[in-house]
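Accompanying notes for the structure given below.
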Amino acid sequence: MYCPKCGTADQLPETYCRRCGIFLPDLDNPKRKAQTPMQNVNANAVLSAMTVVTCLTLAVLLYVILGFQDDTHPLIYATGGLLIAMAAWHVQTFWRSMLLRKQLKKPRAPADRSVDTPEPKMPAETALPAANFEDIVPPSVTDRTTRQLDDDKILAKSKQ
Ligand SMILES: [Zn+2]
């Protein structure tokens, strides 16, 4: 491939340009798509199910072939017990994956806005003091100035 910056030929993708040093990404093989949570949960469930089957099969084989004989070593029973415990553990993991799947499938409820901005419980009369019209803020300086300018204009005109 050619370097897109300096044009040097015979470059390997996923390396740096030999001439100008920029990174040359492999455009034919774009980054693999990130897995969704659902895909991860499904993969987890499948692996758990496979572990359960494998552990139980091995435990049964162990007991059938080597167990319950006069010279059976106690470690055989211990190993079988461990396999059964692992199977039980993964049954639980599988069950949790199923619960998670159900939660992921459920469409998300629209955001409840009343939770974010609760309505004021207080009635308006007690929340705000009553309007007092005797204590009005005087008009702004600009307002007065403009009015004065208008007055000055009128005065000037009348003088003419
Ligand atoms: Zn280059």
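Checked against (1) within 16 Å of the ligand (Cβ to nearest atom); (2) modelled with pLDDT of 95 or more, His90 passes all but a single condition, namely (1).
Taken over segment 73-110, the residue count meeting the criterion of being polar (S, T, N, Q) and either touching a Ser or Thr at 6+ places or on another chain (Cβ under 8 Å) or not in a helix (DSSP H, G or I) (or both) is 2.
Is it fair to say Pro25 is within 16 Å of the ligand (Cβ to nearest atom) and either open to solvent by 50 Å² or more (accessible area, probe 1.4 Å) or among the basic types (Lys, Arg) (or both)?
So Pro25 fits the description; yes.
From the list Val52, Val46, Val64, the one residue that fits, being closer than 27 Å to Gln103 by Cβ, surrounded by fewer than 14 Cβ atoms within 10 Å (Cβ to Cβ) and modelled with pLDDT of 90 or more, is Val46.
The values are calculated or read from the model by the stated rules, or taken from the named source; none is laboratory data. This structure is a prediction, so every number in the text was calculated from the model and none was measured. FYI the Cβ positions are ideal-geometry reconstructions off the backbone, even for glycines, and counts take in every protein chain you see. Areas reflect the complete protein model, heavy atoms only, side chains present, ligands, DNA and RNA absent. Shrake-Rupley method; radii C 1.70, N 1.55, O 1.52, S 1.80 Å.
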